[in-house]
Every structure is written in structure tokens, then in C-alpha cells.
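One structure below.
Read-outs: derived from the displayed coordinates by stated rules, not from any lab. These numbers were taken from a predicted model, which means no experiment stands behind them. We place every Cβ from the backbone using ideal geometry, glycine too, and count neighbours over all the protein chains shown.
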Amino acid sequence: MRVAIIGAGLSGLACAQTLTQGGHQVSVFEKARGPGGRASRRRQNGFEFDHGAQYFTARGADFQSRVDRWAAAGVAAPWTPRIGVADERGVRDKHDHTRRWVGTPGMSTLGRDLAAGLTIHNQARIGRAHRSADEWVLHDDTGATRQGRYDALVITAPPEQAVAFLDHAPQLQARISRVAMNPCWAVMASFETPLCTDHDALFVNTGHLSWAARNNSKPGRPETECWVLHGSRDWSRAHLEAEPDWVADTLLRELAQRLEIERYATTWLAAHRWRFALADPALEAGYLVDPASRTLVCGDWCNGSRIEGAYGSGLSAARWLIDIG
Ligand SMILES: Cc1cc2nc3c(=O)[nH]c(=O)nc-3n(C[C@H](O)[C@H](O)[C@H](O)COP(=O)(O)OP(=O)(O)OC[C@H]3O[C@@H](n4cnc5c(N)ncnc54)[C@H](O)[C@@H]3O)c2cc1C
């Protein structure tokens, strides 16, 4: 079978890898410059930030075996931050038994590892897909036809964008159009000297922030003090179109207030807007399929959210195709 996959995030890559191992011909089309999607790392002026996914957990056997292989190959390692919870009463320690993993030396290595050996067309934003004579033909966003004809199409774009590819499957389209993704503002800040706090990461349950993490407390990162802050769901949504500089200043001041830090000096500060960050709520479907047209839809938002969900969704979509192929 010849399969086209839209999106080289972890779901698309897991799907592509499984299909390739099953002997199928797979082409992945990715609008960004490289694979990985929301599991990404930003490098700027020598500073490094995981500005999307922060860490991941492994609960099911399929993903645990993938994580074991990543750990053995040095692609992932456990992260054991000192975690705090911040609310109106201040910051208190959070003790839990969650085993947290991160990509090493950054979250983007997960995608890079899964992408090895696959045919990936980067900077290829697919604008339209149409089916003629039982085959899929793709067009990029300039309208130009991409080379190749495909027996099956796998879409891993967020639901708001996936619906555009599904005019031929109205039932699937209607189901997907009910899923919404929340935005998230991510702020990246590096500092001249380490911030004065005992915690490496904070879950924030009040105010504009939802999360803050000392990126350099993760294994394999440079020692320079670098933090990633995430705006809360409601605050990010309310300020979706705000100026990035204002967002960065506002969230950084809030972190300083939560940590009761009066003086700090940043060496670099920027904000990144994730327009489609996390589903609210995610489906628990695994993946979705229109069997007649061999169109599959997968991604974290089809499968309980998060990195493990994305991986599992891509895997199960591939297995459906392998079973019918
Ligand atoms: C701020 C933030 C914090 C997070 N924190 C965590 C966390 O701590 N733990 C955790 O487990 N998960 C976290 N997540 C979620 C995690 O990042 C996702 O679950 C996972 O990376 C999703 O993978 P995916 O393949 O489903 O989607 P994506 O990674 O979004 O991949 C989809 C890909 O499709 C591409 N694409 C879209 N449309 C087109 C098109 N038309 N043509 C070509 N390519 C296209 C996109 O560029 C993208 O690369 C977080 C996400 C965000 C944004």
C-alpha cells in the first residue's frame, strides 16, 4: 500500500514507522522545517528551551517499550525535578511517584529518532487532498500537485484543520468538528544568574500561569539558567492576539511574584503562541477512520491527549491499515 501522512508529529511518525516496518510505502508531508511537532526545542543565542511538551509519562506496554529503547539509545532520560504547587496560599512541595521522562538533549530528539529512515517532505504544507480512481492526490498550499498517488491518507493535523480534508466523509467531519483545542502562550526566559527558588518546576493553580520549569534542570541541557512558562488555558485564550513581548513580560512578572523574587535580570526573553496546544476534552477513540475512502485521522486529541496518546494513536491507525492491507 502507498500511504500519505499529513504531519510529522509523534503520531504521524509512529504511524509511518509502523507502516514502513510492515512493508508499506509511506510519504510524510510536514509544513514545518523538521519533524517533531509540539514535542519541540527552541535554540536561540545559545539558550535552549523545550517550549512545547515538557515531559512525558509511559503507562501502556507499547509506549513503555518505546521509552525503554529510547532510554537505552540515549534519546530519552528520566527527569526528577523538585516540584512545587503554587496557589493563593503560596508554594508548597509536591511529592508524587510519577516517573517523568524527557528527550535528551531536548524534546525534539523524540521526533528525530522516530523520523530516521522515513521519507519526509519538510516545508510541505498540504492544502487539499482529493480522491480520483481510488487514489489520493495531494496539493500543497500553493495549489500545486505533489508528486505521487496514494491508496490511503492519514491526517494528523489538529481537528480545526483536519476537517478541511474531510468533505468526502461528512460523518467523520461532523464528529471531528466537535473537538476543540485550547491555545497556550509559552514564554522562554534566560537569566544572568539562577533564580532563587528551591523548585525546578511549578504547577500553578491560580492566576495567569499554569506551569513553569527550569529547563536546565532536565538531563543533558546546558547549565545556563533557562525557564519555560506556560500561560493558563483561560488567560492564553483571552490574550491570544496579544503582543508577544507583552505576554512575555506579564507572565515573567507573575512568576517572580509567585516565587517572591524581587530582582532578576534576563539575558533573553520571548513568547511563542501555540494556537492548538491541547484538546479540551480529547476523544478516547484511539484513531478515526472512513473505511470507504481509506482516510484515517490520528493525533493526541483522538486518544486522551499527551505524547503517549499521540504515539498510541499513530500506532493503532497503522495497525488498522496493516490489517486491511
Ligand atoms: C504548550 C504545550 C505543552 C505540552 N505539555 C505536554 C506534556 O508536558 N506532556 C505531554 O505528554 N504532552 C504535552 N503536550 C502535548 C504533546 O506535545 C502532544 O500530545 C504531542 O506532541 C502531539 O503529537 P501529534 O503528532 O498528535 O501532533 P503534533 O505534534 O501537533 O503534530 C502534527 C504535525 O502536523 C503538521 N501539520 C499540520 N497541518 C499540516 C498540513 N496541512 N500540512 C503538513 N503538515 C501539517 C504540524 O506542523 C505538526 O508537525 C504539550 C503541548 C503543548 C503545545
Of (1) within 11 Å of the ligand (Cβ to nearest atom); (2) surrounded by fewer than 16 Cβ atoms within 10 Å (Cβ to Cβ), His168 satisfies all except one. Which? (1)
Residue list for the range 309-325, restricted to those being in contact with a strand residue (DSSP E or B) (Cβ under 6 Å, 6 or more places away or on another chain) and near the ligand (Cβ under 7 Å from one of its atoms): Gly309, Ser313
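Go through the range 64-117 and give me each residue that's at positive phi and not in a loop (DSSP other than H, G, I, E, B).
Here is the first cut: in the range 64-117, the ones at positive phi are 74, 90, 117.
Within the range 64-117, Gly90 is the sole residue that qualifies.
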Note on the range 131-158: residues more than 12 Å from the ligand (Cβ to nearest atom), within 19 Å of Gly12 (Cα to Cα) and assigned to a loop (DSSP other than H, G, I, E, B) are Gly148, Arg149, Asp151
Among (1) touching a residue at least 40 places away in the same chain (Cβ under 8 Å); (2) in a strand (DSSP E or B) - the single one Arg128 does not satisfy: (1)
Can you tell me how many residues within the range 169-223 are among the basic types (Lys, Arg) and in contact with a Leu (Cβ under 8 Å, 6 or more places away or on another chain)? 2
Among the residues of the range 56-85, write down those that are surrounded by fewer than 21 Cβ atoms within 10 Å (Cβ to Cβ) and free of Cβ contacts under 8 Å to residues at least 40 places away in the same chain. Ala61, Gln64, Ser65, Asp68, Arg69, Ala71, Ala72, Gly74, Val75, Thr80
Yes/no for Arg178 being surrounded by fewer than 21 Cβ atoms within 10 Å (Cβ to Cβ) and either in contact with a Phe, Trp or Tyr (Cβ under 6 Å, 6 or more places away or on another chain) or free of Cβ contacts under 8 Å to residues at least 60 places away in the same chain (or both): yes
If you scan the range 144-158, which residues turn out to be surrounded by 12 or more Cβ atoms within 10 Å (Cβ to Cβ) and aliphatic (A, V, I, L, M)? Ala152, Leu153, Val154, Ile155, Ala157
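Residue by residue through the range 243-261, note down the ones that are outside any helix (DSSP H, G or I) and closer than 15 Å to Val204 by Cβ.
Initial filter on the range 243-261 (outside any helix (DSSP H, G or I)): 243, 260-261.
Scanning the range 243-261 gives Glu260, Ile261.
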Within the range 171-211, work out how many residues are farther than 30 Å from Cys298 by Cα, more than 15 Å from the ligand (Cβ to nearest atom), of a type outside the set (Gly, Ala, Ser) and touching a Ser or Thr at 6+ places or on another chain (Cβ under 8 Å). 2
I'd like to know if the range 126-143 contains one or more residues that are of a type in the set (Ser, Thr, Tyr) and surrounded by 13 or more Cβ atoms within 10 Å (Cβ to Cβ). no
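How many of the residues making up the range 180-217 are assigned to a loop (DSSP other than H, G, I, E, B) and more than 17 Å from the chain's Cα centre (by Cα)?
If we filter the range 180-217 for residues that are assigned to a loop (DSSP other than H, G, I, E, B), which is where we start, we get 180, 192-200, 205-208.
Filter once more, keeping what is more than 17 Å from the chain's Cα centre (by Cα): 192-200, 205-208.
Of the residues in that region, 13 qualify.
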Positions within the range 220-242 being in a loop (DSSP other than H, G, I, E, B) and under 24 Å from Ser108 (Cα atoms), in sequence order: Gly220, Arg221, Pro222, Glu223, Thr224, Glu225, Ser232
Picked from the range 7-55 (must be in contact with a Phe, Trp or Tyr (Cβ under 6 Å, 6 or more places away or on another chain) and buried (at least 24 other Cβ atoms within 10 Å of the Cβ)), the residue farthest from Arg275 (Cα to Cα) is Ala14
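Scan the range 1-35 for residues that are assigned to a loop (DSSP other than H, G, I, E, B) and touching a residue at least 40 places away in the same chain (Cβ under 8 Å) and jot them down.
Within the range 1-35, the first condition is being assigned to a loop (DSSP other than H, G, I, E, B), and the residues that meet it are 1, 7-9, 22-24, 30-35.
Selection gives Met1, Gly7, Ala8, Gly9, Gly22, His24, Glu30, Lys31, Ala32, Arg33, Gly34, Pro35.
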